[in-house]
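Only one structure is covered here, and it is reproduced in the block below.
Just so it is clear, none of the values below were taken in a lab; they were calculated from the coordinates. As the structure is a prediction and not an experimental result, all values here were calculated from the model. Cβ sites come from the backbone with ideal geometry, for glycine too, and all protein chains shown count toward neighbours.
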Amino acid sequence: MAGKEFDGRVALVTGGSRGIGRAICLRLAKAGAWVAVNYASSAEAAEETLEQIKAAGGDGQAYKADVSSYEATSTMYDAIEADRGAVDLLVANAGMASFEDDVDMPIELWRQTLAVNVDGTFHCVWRAKDSMRARDYGRIVCMSSINGVAPSVIRHDRLIAYGTAKSAVVGFARNCAMAFGPAIRVNCIAPGLIDTDMTSGLPDDLREQILARTPARRTGVPDDVAELAYFLLSDAASFITGQTIVTSGGLVTLP
């Protein structure tokens with residue numbers, strides 16, 4: 001496998017069993033990283049990711065953990081450290097969204113959305129930071145969304161909880177970058193509409209409206225996000241930290 005920039009590095013990708021997470025796992029393995037594939041429920045999907053990693057000449061292992069629980073997250077880190085060593089590269093990708101969010105959403109959905117997206121990101125970063133600081137090396141990418149940097153561009157009464165949670169992830173990454181530098185770099189990715197299982201439930205009319213307002217005139221694919229994650233973790237991005245990079249085909253832009 002060519003381009004082994006991460007040879008000898010340990011990477012953890014949460015929500016790594018499918019979609020964007022799977023693509024990131026494969027991209028980091030291609031660059032030489034040993035990849036811990038986190039999943040919450042689908043062991044079969046995680047094993048499929050591992051099979052693809054190994055078929056491409058890489059290596060890694062699957063770890064089950066609900067990252068909304070700090071105890072489960074810490075136990076996962078203990079296992080990774082025992083199996084391979086401390087995490088060098090972290091992609092906090094696990095998340096959830098409900099396209100039924102609206103002004104009448106139940107409080108339980110609000111709490112679950114923030115627990116997975118915000119607490120889950122916090123738990124993973126907090127468990128990784130001490131060993132990264134001790135070794136003077138750490139690269140972190142947190143996954144936000146265009147809904148975290150701008151209200152929903154089509155339906156303003158949907159994704160209230162999700163947009164709020166992803167806004168919190170942006171602020172968290174920005175503050176961590178200030179606190180943990182210079183040894184640890186922390187950045188955010190804010191994807192637009194990416195073709196994954198999570199977005200498969202988007203109503204057709206909303207999908208068509210989004211495409212009509214997207215300059216690139218297409219939806220994204222997981223590899224679009226994976227390549228950006230790889231770049232932000234790489235030495236090529238050594239002067240980039242505390243930033244949120246939007247990859248949405250132009251649907252949402254930052255100043």
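Contact order, relative form, for the stretch 171-255: 46 percent (alpha carbon pairs under 8 Å, 6 or more residues apart, mean separation divided by residue count). Between GLU227 and ASP104, what FRET efficiency follows from the Cβ-Cβ distance if R0 is 35 Å, with the result rounded to 0.05? It comes out at approximately 0.35.
List the equivalent ellipsoid semi-axes of the chain in whole Å, largest first, each obtained as the square root of 5λ for an eigenvalue λ of the Cα gyration tensor.
Here the semi-axes work out to 28, 19, 19 Å.
Each residue of the stretch 135-145 was assigned a 3J(HN,Hα) from its phi angle through the Karplus curve 6.51 cos²θ - 1.76 cosθ + 1.60 (θ = phi - 60°); the sequence is 9, 6, 7, x, 10, 10, 10, 9, 9, 9, 6 Hz, with glycine and proline shown as x.
For LYS30, a cut-off of 26 angstrom between C-alpha atoms picks up these lysines, skipping any fewer than 8 places away in its own chain: LYS4, LYS54, LYS64, LYS129. Under a 5 Å amide H cut-off, with hydrogens placed 1.01 Å from N, CYS188 pairs with CYS142, GLN243, THR244, ILE245 among residues at least 5 apart or on other chains.
Length available on full extension from ASP59 to SER41: 0.36 nm per residue minus the Cα-Cα distance, which gives 4.3 nm. Normalised by the number of residues in the chain, the average gap of Cα pairs under 8 Å and 6 or more apart makes the relative contact order 19 percent.
Given the Cα-Cα distance of ALA179 and TRP126 and 0.36 nm per residue of separation, how much length would full extension add, in nm? Don't jump to the answer; show the numbers that get you there.
Numbers: separation 53, 0.36 × 53 = 19.08 nm, distance 1.21 nm.
Taking ALA179 through TRP126 to full extension adds about 17.9 nm, to one decimal.
Assuming R0 = 35 Å, what is the FRET efficiency of LEU254 and ASP205, from their Cβ-Cβ distance, to the nearest 0.05? Working from the Cβ atoms, E equals 0.80.
Return ARG174, ARG158, ARG133 ranked ascending by Cβ neighbour count within 10 Å, so the fewest neighbours appear first.
The fewest-first ordering by Cβ neighbours comes to ARG133, ARG174, ARG158.
Per-residue 3J(HN,Hα) values for the stretch 47-56, derived from phi via the Karplus relation 6.51 cos²θ - 1.76 cosθ + 1.60 with θ = phi - 60°, read 5, 5, 4, 4, 4, 5, 4, 6, 5, 8 Hz in sequence order (x marks Gly and Pro).
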